[in-house]
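Heads up: the structure comes next, in structure tokens.
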Amino acid sequence: MNLTREEEKMLGGKLGRGIQAAMELLVAIGDAYDAEKMIPVTRAHVASSGQEGDLYFVELLANGGAKCLVPTSTNPVYDIEFFHRLFEIPSDEAEVARRVMEAYKKVGAILSWSCVPYLTENIPLFGETVAFSESSATPYVNSVIGATTNREAAQSALAAGVVGKTPRYGLHMKENRRGTVLIKVEAALRSSFDYTLLGQCVGEQIGFGIPVLTGITKRPNTEDLINFCAMSNTSGAVSMFYIPGFTVEAQTVQEAFQGDVPDDSITVTDAELKRTWERMQTTSGKIDFVMLGCPHYTLKQLGEAAKLLEGRKIHDGVSFWICTSSTTKALAQRIGYVEMIEKAGGSVVVDTCIDEPCWTVYRDRTGMTDSPKCAYYRRFKDVVVAGLEDCVEAVIKGKYE
Amino acid sequence: MKAVETRLNCHKIVGGCGEGEALVSHEPICFYLTDPRTGIVREKTHELSGKNLANKVLVFPSGKASSVVQIDGLFKLKSHNLAPKAMIVKDIETVLIVSAVLAKVPLVDRLEKDPFEAIHTGDIVTVDADKGMVTVRRNF
């Protein structure tokens, strides 16, 4: 890779050990992909996790004097004090989380602790060059917004945030944004949960690739698209997709394939989505808790949950959790959604994610969720996956039938 | 017994030099699904299930799974001194590069021959990533 004199200085350690470590990582990636040069990024999102690998790198940068040069947001960890009041958290795990959060503050990140920062805290515009890690964020930014990002790791996104640059490779180049697989959608897609199933199904079937979806006639909403992104990039590696007419970058199917023919073609029917749904269930009947908000619930979803719970009581001994960002909760509080959920016996919890050690109390329990991603990374034993309305009915009755 | 030595050019991704017994996987690998205290692959349906990848030269097509778990998985193995000595892959992706950089495991791709034909489990393999050279020793 050809480096400028400024970049050589960074790599040589003249701007401190933190910047040097970030440059070493970016150069390794650039060399691996035969990138010719580095290009500026305008923002980054780090899929911080509060785990050991995460801690090592953010401390290396923060203690080495690096500071974020462009807006750089962070993924959920967890509020140690909040969870300590509820559950037992192993002290070594809590210590890692505490140090991680401190280091992100020191490195100058936007402490969003949110997995959907592209909605509120860190929003790219069409055509921006960015470095966004996190399963829903990468495809959402590429496809729905039309900025360009590769499928970053947390550390490569953080490195880009402090250096303000990324190697020019992959999805930053037009020719690599060509659709690869044609997905003929024959399923009806009646709800956001149907988009969840569609994402799960497409990711499972194509693995790695850029799907182009046809047959969708009704405009998908924000939540539909978030769900599709999160699931297709968890069950597979889908960094980008097209729904010509609805996503921004290609207006026609032909344009999405850049005039080329698809490598492959798949048809998705209602029956296929039903089979996808059936495969996720590990149990039915009695549940111990419901966990929603993977990815973090939007204000609209919190409102829907609040209305479904209004005037009702959650079953004795069953817990109801919705994970969201602190900005969304603040607004939901002002509107009254949080009070409606809490009156019914539920909780709206911020800054965290199901894949965090704060939930180990549920290790041997049965949970219900509307997210296959939550089911996949779960730290609990058995799982039922269904849409929001079914989750609310189940938490009232204490069971899912 | 006769030993045959083959030298193959490769492309450096993460520098360094590592030597060990080869362990070949035709399936992608997720390091999170290995036991960080032993190096044994826990993923039940995987072709390496029950095998130990600690201190081996690992030959595999690519990484898999989310960035968070993959990096944490390899990093934990390394902190218990159970990471592979080196890794030879076919298809590279960003998350695997970052995992290897953080865990300081030499990583190469673009072997001049198909790695799955050139290297068998049990061969003694030296990966000199800095020189772009893989040496395979096999006893007959």
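The values are calculated or read from the model by the stated rules, or taken from the named source; none is laboratory data. Because the structure is a prediction, the values reported are computed rather than measured. Quick reminder, even Gly has a Cβ in these numbers, built from the backbone with ideal geometry, and neighbours come from all protein chains shown.
If you go through segment A:222-262 and keep only what is within 14 Å of chain B (Cβ to nearest Cβ), in contact with a strand residue (DSSP E or B) (Cβ under 7 Å, 6 or more places away or on another chain) and in contact (Cβ under 8 Å) with a residue 60 or more places away in the chain, you end up with A:A237, A:V238. Counting the residues of segment B:31-75 that are within 12 Å of chain A (Cβ to nearest Cβ), part of a loop (DSSP other than H, G, I, E, B) and under 14 Å from the mean Cα position of the chain (by Cα) gives 3. Only residues that are facing chain B (nearest Cβ under 9 Å) and among the acidic types (D, E) were counted across segment A:8-33, and they come to 2. Based on what the data block shows, is A:D31 touching a Lys or Arg at 6+ places or on another chain (Cβ under 8 Å) and either in the same structural domain as A:S136 (by TED's automatic domain parsing) or more than 24 Å from A:T148 (Cα to Cα) (or both)? Yes: the conditions hold for A:D31. If you go through segment B:110-130 one residue at a time, do you hit one that is surrounded by fewer than 24 Cβ atoms within 10 Å (Cβ to Cβ), part of a strand (DSSP E or B), more than 9 Å from chain A (Cβ to nearest Cβ) and out of contact with any Gly (no Cβ under 8 Å at 6 or more places or on another chain)? Yes, that holds for at least one residue. You will find that of A:A35, A:A44, A:A62, the residue that is part of a loop (DSSP other than H, G, I, E, B) and not aromatic (F, W, Y) is A:A35 and no other. Being surrounded by fewer than 16 Cβ atoms within 10 Å (Cβ to Cβ), part of a strand (DSSP E or B) and of a type in the set (V, I, T) is a condition met by at least one residue of segment B:1-11.
Selection within segment A:254-271: residues that are out of contact with any Phe, Trp or Tyr (no Cβ under 8 Å at 6 or more places or on another chain) and among the hydrophobic types (A, V, I, L, M, F, W, C). The member of this set that is farthest from A:G203 (Cα to Cα) is A:V261.
In summary, B:P28 fulfils each of the numbered conditions (1) more than 21 Å from B:R110 (Cβ to Cβ); (2) surrounded by fewer than 20 Cβ atoms within 10 Å (Cβ to Cβ); (3) free of Cβ contacts under 8 Å to residues at least 40 places away in the same chain with the single exception of condition (1).
Scan segment A:121-144 for residues that are in a helix (DSSP H, G or I) and either touching a strand residue (DSSP E or B) at 6+ places or on another chain (Cβ under 9 Å) or of a type in the set (G, A, S) (or both) and the total you get is 7.
Listed by first and then second residue, the pairs linking a residue in segment A:121-137 that is within 14 Å of another protein chain (Cβ to nearest Cβ) and at positive phi to a residue that is among the aromatic types (F, W, Y) and assigned to a loop (DSSP other than H, G, I, E, B), with Cβ atoms under 7 Å apart and 6 or more places separating them unless they lie on different chains, form an empty list. Within segment B:1-15, the set of residues being touching a Lys or Arg at 6+ places or on another chain (Cβ under 7 Å) and within 14 Å of chain A (Cβ to nearest Cβ) comprises B:C10, B:H11.
Within segment A:48-75, residues that are within 14 Å of chain B (Cβ to nearest Cβ) have Cβ atoms under 8 Å from residues that are surrounded by fewer than 20 Cβ atoms within 10 Å (Cβ to Cβ) and charged (D, E, K, R) in these pairs: A:L55/A:R99; A:E59/A:R99; A:L60/A:R17, counting only partners at least 6 apart in sequence or on another chain. Check whether at least one residue in segment A:366-373 is touching a strand residue (DSSP E or B) at 6+ places or on another chain (Cβ under 8 Å) and modelled with pLDDT under 95, and report yes or no. Scanning segment A:366-373 turns up at least one residue that is touching a strand residue (DSSP E or B) at 6+ places or on another chain (Cβ under 8 Å) and modelled with pLDDT under 95. Out of A:R334, A:R363, which single residue is farther than 21 Å from A:A97 by Cβ, charged (D, E, K, R) and over 19 Å from the mean Cα position of the chain (by Cα)? Checking each option against the conditions leaves just A:R334. For segment A:235-242, the criterion of a residue being aromatic (F, W, Y), in a strand (DSSP E or B), in the same structural domain as A:V261 (by TED's automatic domain parsing) and closer than 24 Å to B:P61 by Cβ is satisfied by no position.
Remark: A:K9 falls outside the filter, which requires a residue to be within 22 Å of the chain's Cα centre (by Cα), part of a helix (DSSP H, G or I) and surrounded by fewer than 18 Cβ atoms within 10 Å (Cβ to Cβ). Taking A:V261 as the residue in question, decide whether it is over 25 Å from A:L119 (Cβ atoms) and touching a Pro at 6+ places or on another chain (Cβ under 7 Å). Considered against the rule, which asks whether it is over 25 Å from A:L119 (Cβ atoms) and touching a Pro at 6+ places or on another chain (Cβ under 7 Å), A:V261 comes out as no. Of everything in segment A:359-377 that is buried (at least 21 other Cβ atoms within 10 Å of the Cβ) and not polar (S, T, N, Q), the residue that is farthest from the other protein chains (Cβ to nearest Cβ) is A:M368.
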